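Structure record follows, encoded as structure tokens.
The values are calculated or read from the model by the stated rules, or taken from the named source; none is laboratory data. Here the structure is a predicted model, which means the values were calculated and not measured. With ideal geometry, Cβ positions are generated from the backbone for all residues, glycine too; neighbour counts draw on all protein chains shown. Heads up: the accessible areas ignore ligands, DNA and RNA and are worked out on the full protein's heavy atoms, side chains in. Shrake-Rupley method; radii C 1.70, N 1.55, O 1.52, S 1.80 Å.
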There are 2 protein chains.
Amino acid sequence: MPAVVLGLEHHLFEEALEIVKEDSGYRNDVEMTEADWRGIVTQYKGIVEVELGRAFPQDVSEQLWDAIRAVFDSWDSDRAKVYRRLNDIPGDWGTAVNVQAMVFGNMGVTSATGVAFTRDPATGEKAYYGEWLVNAQGEDVVAGIRTPQYLTLAARKRAGAKPLSMEEAMPASYGELAAVFELLEKHYSDMQDIEFTVERGKLWMLQTRSGKRTAKAALKMAVDMVEEGLIDETTAIRRVDPMALDQLLHPTLDPKAPRDFLGRGLPASPGAASGTIVLDADTAEKRAELGEAVILVRVETSPEDIHGMHAAKGILTARGGMTSHAAVVARGMGRPCVSGASGLSIDMKTRTLRMGTRELKEGDLITLDGATGEIMAGMVSTVQPELAGDFATLMEWADRYRCMKVRANAETPADCRMAREFGAEGIGLCRTEHMFFEAGRISSVRQMILAQDEAGRRATLEKLLPEQRADFAAIFTVMAGLPVTIRLLDPPLHEFLPNRDAEFAALSDTIGIGVDTLKRRADELHEMNPMLGHRGCRLGITYPEIYEMQARAIFEAACDVAEESGDAPVPEVMIPLVATKKELAILKKLVDETAAKVFAEKCRTLDYLVGTMIELPRAALMAGEIAEEAKFFSFGTNDLTQTTLGVSRDDAARFLNPYVEKGIFLRDPFVSLDIEGVGQLVELAVQRGRATRADIKLGICGEHGGDPASITFCEKIGLDYVSPSPFRVPIARLAAAQAALEK
Amino acid sequence: MPAVVLGLEHHLFEEALEIVKEDSGYRNDVEMTEADWRGIVTQYKGIVEVELGRAFPQDVSEQLWDAIRAVFDSWDSDRAKVYRRLNDIPGDWGTAVNVQAMVFGNMGVTSATGVAFTRDPATGEKAYYGEWLVNAQGEDVVAGIRTPQYLTLAARKRAGAKPLSMEEAMPASYGELAAVFELLEKHYSDMQDIEFTVERGKLWMLQTRSGKRTAKAALKMAVDMVEEGLIDETTAIRRVDPMALDQLLHPTLDPKAPRDFLGRGLPASPGAASGTIVLDADTAEKRAELGEAVILVRVETSPEDIHGMHAAKGILTARGGMTSHAAVVARGMGRPCVSGASGLSIDMKTRTLRMGTRELKEGDLITLDGATGEIMAGMVSTVQPELAGDFATLMEWADRYRCMKVRANAETPADCRMAREFGAEGIGLCRTEHMFFEAGRISSVRQMILAQDEAGRRATLEKLLPEQRADFAAIFTVMAGLPVTIRLLDPPLHEFLPNRDAEFAALSDTIGIGVDTLKRRADELHEMNPMLGHRGCRLGITYPEIYEMQARAIFEAACDVAEESGDAPVPEVMIPLVATKKELAILKKLVDETAAKVFAEKCRTLDYLVGTMIELPRAALMAGEIAEEAKFFSFGTNDLTQTTLGVSRDDAARFLNPYVEKGIFLRDPFVSLDIEGVGQLVELAVQRGRATRADIKLGICGEHGGDPASITFCEKIGLDYVSPSPFRVPIARLAAAQAALEK
């Protein structure tokens, strides 16, 4: 009470007690006499008076009210705030206080106290699990001052511990307790986290609640309990937190392996990986090709690093938050990533990096834990995930109950394959620009951008056509029988241009245009606000030849795959960043005309859809009109969040944390959809789009497509599918099932 | 017909005719004999066959249909497109074709043709005005091949011309014509633009329509016609195009003065000005302080040039469109501006500029015409605008009928004074950041931004406080009795930082921090998308001390002015870029607490309002909730357009023109509000805001507040006021009256 209620430091009182015990030669509190305690109480009162400048309150009501107030105040403690942020608990929920009579576990050797779980919260095993202490209060068990004893004989034996278990020391109370465990678990149909006290041989239950558990335990218990007949499948589905699955889908560090801790960053993408340090994307790719496991370490990543990120086993950056480029791309690829490791500095000249007092060089071994943000020197062994068994069972149940389809965002055959393995029912977003960054073709892309006129652009696009066609053919082959939504080129062209002198020089050599001219052209393409600039369908309107080439590559690839496999894919061509019906009408015409030409050349026709992303507020508002031209809408909620809130994801780090801390945003709106704001626009667009075209296909392809709260919203407003990154597909399958059950 | 219908060049036929006339020694077409004409017809047929590869169609129906088709096709000619763009005529209106029998004005000397206006379309004078030709067709009059003659005796005499006027040559027909003029003007209650033909002495009217007129003429006619009893005041108000007033409010070039034409740019801000060329803002300010009239010439302008733009009589830029920084700021200040003069290059080393083959140096005289975009060497005399007389009369009538108030956007006492002179009923937007750029204080601002912590920022803010207080006191004094809306700091802080080496060095000297440190800090503040970055109320949330200083300056100034003048101003404190109710709640509390402190110190209280800009889609969507904290909403439609459409005004030039040309945008959405898209959000916010707080004050302070079409929309949805730049106040007064009458 002095610590919590009066705000005095715990050690002040502990010291006084220790001195008395030492002077008297006691080892345990139980050896203290009444006189000793009376002395201690007097001392404690003195300490309070000295520290606080006023006497310890003697009025019982005053004490009670102080205690009540302290509980309420604890809601706003720093520790509570951090806890809430980590666990997504909104700050405006508040807390409550129960006032009731107390029982005492410290009334001698026939008294005891303990905490217990009805099953093992770490593994899910069906066995009582807990700790207890003779002659103690609950605080003694959890505070770690005395070492608690095992609850069951089995656990004590397994650990090889000496102090008696409760099962042995107090068999009667233990038997009674076990009966209560069974009763409570059956009553709540869930594993219980229980606090109990034995006061002079009589068992009292202090508290029971559904217990926290690891992802692994949650999964096992849910499946076990269905088999035991304790719960049904729908309860099992509801019982597992979809986000917790993320831990199960990636390799994790072997908990028994020794670790050489270097520092910490943000847990940006789950999973663990070890490898040699490489400091740039090209080196990453080269060394990975030789079979080496590499970890890409950068100050921050940009689209030009994609090939290196793909080649690496893990990514570590010094800057950037949970939604930085590195974090988003790594999650999409399923690579572990630790971002924003502020203690990390990189010296590119000496090719070394420093973390605190430690210096490492390129080629040294390093290990990342993307689930915790920990960085370790050397190799730490990892444990591979188990995707069969309980996991597969739960997924099967989930698929039985969900209404929405789950697709995935992917653009390489490898990612598409992984998406299928995780249960994706199609590709919801294939970002064609990622293909443009590939080492072999970035020069052609740059040459196209820097061309003086349409003829020049067309000449280089001719070179890119067979490569894009091959990209799409590979994807169609992997995704046979499933829909694939391909988004035409989206980012502003200057994203593809070099930004380092060496790259300009290399490009100049390759394409034979002077460095000065290249730099001038790059300057001309520079934009103040690229997010709101010359990108998306605006590129298609001003340079129709680019979209024409992409459409041709899609239809030629689709025809070829249909020819070879006999299984015709159904491409869904998606026009990005549409704000008006007319933009879509112009570009749909271009796509349709290109399709007609290809079909005539190939002497066959194929089904395909043309649709658009809804990622601008205006597009959502005008969805009724736009649906006249669109066979499908895919909600690009990343950009829709940026424009609706007026927040650039790249720049938000400076104020997003204070915003979450001050409760302005309950959660990062790029992680979980801002339902009350952005959600209004999505819902409006759904209503207006369906009013125009009843069978319009509706999906979401923003990062939110893998966030359970956002998925619940998507189900509520009636979307047809969600499309997250491949590693989030199982999460989405479970969350979609939960949302359907909730509805 | 061959030119229009068959697309053959006119000169082919003219040459053949000229040869026949020359060979025969004729000077006029009328001297041609029937045989000559038959020969010409044969020749013409030959030309058509050679040029077209097929004979001239002899079937009358075919000729007619070709002609009809040609008229419809003309709608899509380049010339028509340019015309429509310049005159804001939507491309989807289409055109019509009338087919009717013809009369001939070229049947000898008793035949004639002419065009006439019932009043002088240039000056508005009540006198017939027109041209005619004996023995000619309408095309001859307008094509400029023969020189037409004056219609009236008075006009011929005034011009000292010899060929007889129609009044003299055909008195009977002229008398009949004059009677028709009177009849038509009375019938249409407007000045008519008439085409007529006399066929063998009989007068035929070909066409009549309300005539185009200059702004000056429109004004004079509207006022005259009310005095004549021809129209009433409301018709007079409707009759004048508000945009045309813009021409009347600025000095114009004396039409008689000789001009040395250098080149042309975009007519970015109306008015004409002469002065000496200066190439940077500091020089502009220095030379202007010595009483010199200067023209600021820059590649493009940035917020750092504001003081130079203010000091200059006119602004010329090589880059940037009609909505570039230079254009927007110049219009706001009422300075003539020619932007995007692509032929202009500036050499800062030699301090010279080049336009085409001409080279000028700093200090040379130059003249700009912001209404046409023309640039001239040397001085061209100007004519001052006449704001009394007809102008004042029309404004008085407009004020009688309009419902919305008209405020102005201004932040200097001079601009506020001008706004009052133009009839502004308050300040709708005082952008406090403009005050931060002033030469005397930018160092303090920079020091504040670069401070390591809150204490450092507070120390520099202390220095800025008295200056801001003086700013506000001056404005409150000028605007005595009228409301003043002050927006707290809005732009991202890095906009205030130096970006040239010399500036960094100077700043380093002033504040004693190394250049490297300054540059590093500036780098840290750099943003990918500053428009969506750390700005607006996000600054107030993260650095509350800045808004606190500004609020203190406002309330101290208001108290001081109230004390001195006895006339207490009512400050309206406006929080920018709000997306959530909570942001506004936090900052409103800060403002209220600061007000309470100042009132306690000054021993007096004042009325004031706290409100917000609605400039993000989310703010519009959440207006119902936000109105719980806001006493007023001011629609910042510039930013609302940028976010709703996902278009950065700074970067839009690359695609906005093609977008307008292809009909994707009917008009530049930054010039005229996108009513169907952005308008939905504005309307929604009005409804939701009023539902929460019935008496919420609603206004618009974007550039659109000076655009008649947008003003009509504001009236329709029931805003309380519009607030354009001072020079647009008369336009807004007239447009608001027209909108009220329309309603």
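The table for this structure:
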| quantity | calculated |
| --- | --- |
| Residue check, B:ARG298 within 30 Å of B:CYS701 (Cβ to Cβ) and at pLDDT below 85 | no |
| Condition broken by A:VAL103, with the remaining ones in (1) touching a helix residue (DSSP H, G or I) at 6+ places or on another chain (Cβ under 7 Å); (2) surrounded by 15 or more Cβ atoms within 10 Å (Cβ to Cβ) satisfied | (1) |
| Options B:ASP66, B:ASP88; residue that is surrounded by 12 or more Cβ atoms within 10 Å (Cβ to Cβ), on the phi > 0 side of the Ramachandran plot and not hydroxyl-bearing (Ser, Thr, Tyr) | B:ASP88 |
| Yes/no for A:GLY389 being modelled with pLDDT under 95 and farther than 18 Å from A:LYS216 by Cα | no |
| Where a residue in region B:572-598 is of a type in the set (S, T, N, Q) and its partner, wherever it lies, is open to solvent by 10 Å² or more (accessible area, probe 1.4 Å), with Cβ under 6 Å and at least six apart | B:THR580/A:ILE664; B:THR594/B:GLU548; B:THR594/B:ARG552 |
| Residue selected from region A:710-723 under the condition in contact with a Lys or Arg (Cβ under 8 Å, 6 or more places away or on another chain) and in a helix (DSSP H, G or I), by the criterion most open to solvent (accessible area, probe 1.4 Å) | A:LYS716 |
| Test: residue in region A:696-710 that is under 23 Å from B:MET531 (Cα atoms) and not basic (Lys, Arg) | yes |
| Residue that is most open to solvent (accessible area, probe 1.4 Å) [pool: residues in region B:120-131 that are without any contact (Cβ under 8 Å) to a residue 60 or more places away in the chain and either assigned to a helix (DSSP H, G or I) or not small (Gly, Ala, Ser) (or both)] | B:TYR129 |
| All helices (runs of 4 or more DSSP H) inside region A:160-246 with 2 or more residues being at pLDDT 95 or above and open to solvent by less than 40 Å² (accessible area, probe 1.4 Å) | A:171-188, A:215-227, A:233-239 |
| Qualifying residues in region B:132-153 (those that are open to solvent by 70 Å² or more (accessible area, probe 1.4 Å) and in a helix (DSSP H, G or I)) - the one nearest to B:TRP204 (Cα to Cα) | B:GLU139 |
| Helices (runs of 4 or more DSSP H) fully within region B:1-59 counting 1 or more residues that are open to solvent by 50 Å² or more (accessible area, probe 1.4 Å) and touching a residue at least 60 places away in the same chain (Cβ under 8 Å) | B:2-6 |
| Test: A:ALA112 is surrounded by fewer than 11 Cβ atoms within 10 Å (Cβ to Cβ) and closer than 30 Å to A:LEU151 by Cβ | no |
| Meets criteria (over 20 Å from the mean Cα position of the chain (by Cα) and among the hydrophobic types (A, V, I, L, M, F, W, C)) for A:LEU262 | yes |
| Residues of region A:549-582 satisfying the condition of being crowded, with 23+ Cβ neighbours inside 10 Å, of a type in the set (Gly, Ala, Ser) and away from every other protein chain (no Cβ under 14 Å) | A:ALA551, A:ALA553, A:ALA557, A:ALA558 |
| Options B:VAL198, B:VAL223: the member that is among the β-branched types (Val, Ile, Thr), touching a helix residue (DSSP H, G or I) at 6+ places or on another chain (Cβ under 8 Å), in contact (Cβ under 8 Å) with a residue 24 or more places away in the chain and within 15 Å of B:ASP390 (Cα to Cα) | B:VAL223 |
| Residues (assigned to a strand (DSSP E or B), open to solvent by 20 Å² or more (accessible area, probe 1.4 Å) and under 22 Å from A:ASP282 (Cβ atoms)) located in region A:332-364 | A:SER345, A:ILE346, A:ASP347, A:THR352, A:LYS361 |
| A:VAL297 under 30 Å from A:ASN87 (Cα atoms), in contact with a strand residue (DSSP E or B) (Cβ under 9 Å, 6 or more places away or on another chain) and β-branched (Val, Ile, Thr) | yes |
